[in-house]
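Accompanying notes for the structure given below.
The values are calculated or read from the model by the stated rules, or taken from the named source; none is laboratory data. Keep in mind that this is a model prediction, so the values were computed, not measured. Cβ coordinates were reconstructed from backbone atoms using ideal geometry, including for glycine residues, and neighbour counts include every protein chain displayed. To get the accessible areas, we keep the full protein, side chains included, count just its heavy atoms, and leave off ligands, DNA and RNA. Shrake-Rupley method; radii C 1.70, N 1.55, O 1.52, S 1.80 Å.
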Amino acid sequence: MAASGASGAPRPDGGPRRGDDRVLEQYLAHLRVERGLAANTVAAYRRDLTRYLGHLAARGTALAETAPDDVTAWIQAIRAGEDGRAPLAATSAARALAAVRGLHAFLEEEGATPDGDPTASLPAPARARRLPHPISLDEVERLLEAAARPRTGSLATERALRDRALLEVLYGLGARISEAIGLDIDDLSAVERQAVLRGKGDKHRVVPVGSYAIAAVEAYATRGRPALAQRGRGTPALFLGSRGTRLTRQAAWTIVQEAADAADLSGRISPHTLRHSYATHLLHGGADVRSVQELLGHASVTTTQLYTQVTVDSLREAHAAAHPRAVGGSEGPARGPEAGA
């Protein structure tokens, strides 16, 4: 690879060292031509790697001589915005590090890094885990009632029955949107009060179905689905779209959003919100974490424990609002042991 060894002097404009900028262009050409990456992806690589090479130049370090400490310092700089640019969130920093890893792997393959890949032993920046945002039981009720109200257009009543059933399944079973629209008619048994959900990686789990979800699905299956099915060529899918085919993910998303708008909950609701609410309400009701893990189909209990944090936070708020000694200050006379039990 040409220009792999000489890195030249730092540039006065704070950009990559002369020589390193040529290596960058070679790598980007490799991404475009040999790996066939899209133009937008290559442009994102260019932004991240230009920032990285500028950091190395400011430290007086040539790309081919980069050490793990140089890369670590760069990660800290972009996370804190120490290079005069906007700080990057953990997710964006991880993306930028992936670009840097790719560049150094390219250099190593070309034999241009005598000391090896400086990123090989570096972990990705830790990503902050986002807490789920459930809605209250009253808000769930508003959402379900809004979904059941017929709107305009053909088969409005039939579509309203479908929409109510879909939302009852999302909330009543804690189903992912892909699991809900993937249901076939025979996957849900009103007699056994259970359903088979097919999750990620072609895994499936059997979950209980409550009376409200069963009633909504039966109403849709008998009075709504037949009219929708007449528009198609026959499918075992439970939830059908306007053409009589299996409801698409985008259509299901739109159904949830329209119900949220009608319930004055727009901007706060997604299909996954109902899954979050299902888990949180179970824990509020006394279900143990392991049971909720099984119901949600989580591979690790660590994921499920995010919901316990939401529950603890709400309990903390209730405690702070109701307990006389939850907050600082003297709100009244203290009651000691001698005051009685």
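Key figures
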| quantity | calculated |
| --- | --- |
| Residue list for region 292-302, filter: in contact with a helix residue (DSSP H, G or I) (Cβ under 8 Å, 6 or more places away or on another chain) and not in a loop (DSSP other than H, G, I, E, B) | VAL292, GLN293, LEU295, LEU296, VAL301 |
| GLU158 vs. criteria in a loop (DSSP other than H, G, I, E, B) and open to solvent by 10 Å² or more (accessible area, probe 1.4 Å) | no |
| Some residue of region 51-61 being under 17 Å from ARG22 (Cβ atoms), in contact with an Asp or Glu (Cβ under 7 Å, 6 or more places away or on another chain) and part of a loop (DSSP other than H, G, I, E, B) | yes |
| Options GLY153, GLY174: the member that is under 19 Å from TRP253 (Cβ atoms), modelled with pLDDT under 95 and open to solvent by less than 20 Å² (accessible area, probe 1.4 Å) | GLY174 |
| Residue check, SER211 closer than 16 Å to VAL256 by Cα and of a type in the set (Ser, Thr, Tyr) | no |
| Verdict on ARG275 being modelled with pLDDT under 95, among the charged types (D, E, K, R) and closer than 18 Å to LEU166 by Cβ | yes |
| Output for region 1-50, where each listed residue is modelled with pLDDT of 85 or more and open to solvent by less than 30 Å² (accessible area, probe 1.4 Å) | VAL23, LEU24, TYR27, LEU28, LEU31, VAL42, ALA44, ASP48, LEU49 |
| Residue that is most open to solvent (accessible area, probe 1.4 Å) [pool: residues in region 273-291 that are over 19 Å from GLU141 (Cβ atoms) and part of a loop (DSSP other than H, G, I, E, B)] | ASP288 |
| ALA77, sole failed condition from (1) open to solvent by less than 20 Å² (accessible area, probe 1.4 Å); (2) in a loop (DSSP other than H, G, I, E, B) | (2) |
| Test: PRO134 is modelled with pLDDT under 95, surrounded by 21 or more Cβ atoms within 10 Å (Cβ to Cβ) and touching a Phe, Trp or Tyr at 6+ places or on another chain (Cβ under 9 Å) | yes |
| Some residue of region 217-227 being in a helix (DSSP H, G or I), without any contact (Cβ under 8 Å) to a residue 40 or more places away in the chain and open to solvent by 80 Å² or more (accessible area, probe 1.4 Å) | yes |
| Subset tally (residues that are part of a loop (DSSP other than H, G, I, E, B) and open to solvent by 50 Å² or more (accessible area, probe 1.4 Å)) for region 228-246 | 8 |
| Region 95-112, subset out of contact with any Ser or Thr (no Cβ under 7 Å at 6 or more places or on another chain) and more than 18 Å from GLY54 (Cα to Cα), residue modelled with the lowest pLDDT | GLY111 |
| Selected residue (criterion: least open to solvent (accessible area, probe 1.4 Å)) from residues of region 184-216 that are assigned to a loop (DSSP other than H, G, I, E, B) and farther than 18 Å from TYR171 by Cα | GLU192 |
| Pairs with Cβ under 6 Å, 6+ apart, first in region 65-82 and of a type in the set (Lys, Arg), second assigned to a helix (DSSP H, G or I) and open to solvent by less than 20 Å² (accessible area, probe 1.4 Å) | ARG79/ALA93 |
| Hits in region 256-272 - residues which are crowded, with 18+ Cβ neighbours inside 10 Å and modelled with pLDDT of 90 or more | VAL256, ALA259, ALA260, ALA263, LEU265 |
| Odd one out for ARG249 among (1) surrounded by fewer than 20 Cβ atoms within 10 Å (Cβ to Cβ); (2) modelled with pLDDT of 95 or more; (3) touching a Ser or Thr at 6+ places or on another chain (Cβ under 7 Å) | (2) |
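For every residue, the table says whether it meets (1) touching a Pro at 6+ places or on another chain (Cβ under 6 Å); (2) open to solvent by less than 20 Å² (accessible area, probe 1.4 Å); (3) within 25 Å of GLU110 (Cβ to Cβ).
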residue: LEU56; (1), (2), (3): no, yes, yes
residue: VAL71; (1), (2), (3): yes, yes, yes
residue: ALA86; (1), (2), (3): no, no, no
residue: SER92; (1), (2), (3): no, no, no
